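Take a look at the structure set out below.
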Amino acid sequence: MGKNLIGFYDSGVGGLSVLKVALNKIKNKNFAFFGDTLRMPYGARTDEEIRDYTLEAMGFFKDLGVDLSIIACNTATSHGLREAKTKYNYPIIGVVEPGSFNAIERTSNNKVALVATKSCVESGVYDKVLKDMDPSIELRSVYCPDLTLAIERGEFGEDHMDAIVKKYLDEFGDYDFDTMILGCTHYPLVEDSFKRIFKRQGKRVLMVDPAYKTVLDAINILDLSQEEVPNRSIDFYITGDIDKFRYTMEKIVDLSDFDVKFHSVKIEDLEKYKK
Ligand code: DGL
């Protein structure tokens, strides 16, 4: 018998974009969130580092007794999902397949744009998954390091954010995509900036936030037959500065109806989960 708990893992606050969807859709589970803020941004890390961090987080969640873990990070999904599923014998899902599926459902001209981290773009994982699902899809990608960091710091001022988003969207040049995958879980937190820029440019672009389909996939795997939990708990496990995480978190999601606790995690205590 599990602890009726779902785990969410990201390098930082990005995973909150997935947690938020789950809080609305899953009323009979408690939640654990692992934020590896000490070692973020993952987008600038090596493939091996990200794989190891993912194995650590998934091992941590296994010991916590979660029923299912969501790797709520595109970069960690790209480099760690396959290995984590091989190593651990409990349900673990990522965000790339659900995001790709959604993009294919939405596009009409088969031209898709991806914004993600450097490491996620360079892994080529979205290209592979999209083309496996539908070989006629064309994908172009841009990585947006300044955007991830601004969001992590909680710099949500409209003009500031719009300027950063525009800088990266300009990199797509005259590529006439009709669908854009927000392929870093930080980016859906500023989806309005993307929409504003497209509107100003007179472009009609459908946005894909992989969180929705990911949470539906989790619902399909989980046993959700239990009663609703009256005071759902959310335990945050943070490797870096808890106050900094909390500062940005409070700008993103209102958790006043939940029983929230913060825990500090030491990197040395995660070593044992590595390969
Ligand atoms: N939020 C993460 C993602 O979805 C990674 C951000 C980072 O640490 O670079 O890829």
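Structure data summary
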item: Complete set of residues in the range 28-85 that are under 21 Å from Y187 (Cβ atoms), touching a strand residue (DSSP E or B) at 6+ places or on another chain (Cβ under 8 Å) and open to solvent by 20 Å² or more (accessible area, probe 1.4 Å); result: T37, L81
item: Number of the exception - C144 against (1) surrounded by 15 or more Cβ atoms within 10 Å (Cβ to Cβ); (2) more than 22 Å from K199 (Cα to Cα); result: (2)
item: Qualifying residue in the range 71-82 (condition: within 16 Å of the ligand (Cβ to nearest atom) and closer than 20 Å to F172 by Cβ); result: yes
item: Pairs with Cβ under 9 Å, 6+ apart, first in the range 28-41 and among the acidic types (D, E) and within 16 Å of the ligand (Cβ to nearest atom), second open to solvent by less than 10 Å² (accessible area, probe 1.4 Å) and part of a loop (DSSP other than H, G, I, E, B); result: D36/S11; D36/G12; D36/C73
item: Condition broken by N4, with the remaining ones in (1) at negative phi; (2) away from the ligand (no atom under 14 Å from the Cβ) satisfied; result: (1)
item: Of the criteria (1) open to solvent by less than 20 Å² (accessible area, probe 1.4 Å); (2) in contact with a Ser or Thr (Cβ under 8 Å, 6 or more places away or on another chain), which one F194 fails; result: (2)
item: Any hit, the range 114-137, residues being under 26 Å from R246 (Cβ atoms), aromatic (F, W, Y) and at pLDDT 95 or above; result: no
item: Odd one out for S136 among (1) closer than 23 Å to Q201 by Cα; (2) more than 16 Å from the ligand (Cβ to nearest atom); (3) open to solvent by 60 Å² or more (accessible area, probe 1.4 Å); result: (1)
item: Filter pass, K20 being out of contact with any Cys (no Cβ under 8 Å at 6 or more places or on another chain), at pLDDT 95 or above and more than 15 Å from the ligand (Cβ to nearest atom); result: no
item: Selection within the range 166-189 - within 16 Å of the ligand (Cβ to nearest atom), closer than 12 Å to M207 by Cβ and not small (G, A, S); result: M180, I181, L182, Y187, P188
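The values are calculated or read from the model by the stated rules, or taken from the named source; none is laboratory data. Computed from a predicted model, the values in this text were never measured in an experiment. Cβ atoms come from the backbone with ideal geometry, glycine included; neighbour counts cover every protein chain shown. Just the protein is used for accessible areas: all its heavy atoms, side chains included, with ligands, DNA and RNA removed. Shrake-Rupley method; radii C 1.70, N 1.55, O 1.52, S 1.80 Å.
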